[in-house]
Amino acid sequence: MRRLLRVGRDGSLRLPAELLGAVGARPGSLVSVEVDEVGGVISLRTLSIQRPEMRMGRGLTPEEIGELIVAGARA
């Protein structure tokens, strides 16, 4: 897939969702950017990172969450 893109005045380059989707990137994805300065090539790779899950014994109510936030601010 090849597209012609224009570099913005601030040096930024906006990649269309179509291109990002082609490498498996979605909102929130981490993308590795590699630059080959000799060949003038920029490569993108979507990173697959396993994030640890945190499990609690039960769900917290909004009131309990608020109390925990206030207690943490006092500490």
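Sequence-distant contacts, meaning Cα pairs under 8 Å at least 6 residues apart, place the relative contact order of the chain at 17 percent.
Arranged from fewest to most other beta-carbon atoms within 10 Å of their beta carbon, Ile69, Ile49 become Ile49, Ile69. Radius of gyration over Kirkwood radius for the chain, both on Cα atoms: the Rg/Rh ratio is 1.24. Applying 0.36 nm per residue to the separation of Ile42 and Arg9 and subtracting their alpha-carbon distance, the gain on full extension is 10.0 nm. Close amide H partners of Val31, meaning residues 5 or more places away or on another chain with modelled amide H under 5 Å apart, are Leu47. Ranking Leu68, Val33, Val23 by Cα position along the charge dipole of the chain, where only Lys, Arg, Asp and Glu carry charges on their C-beta atoms, puts Val23 farthest toward the positive end.
Values quoted throughout were computed directly from the atomic coordinates according to the rules given, and no laboratory measurement underlies them. Here the structure is a predicted model, which is why all the values come from computation and not from measurement. Here Cβ is always computed from backbone atoms with ideal geometry, including for glycine, and neighbour counts include all displayed protein chains.
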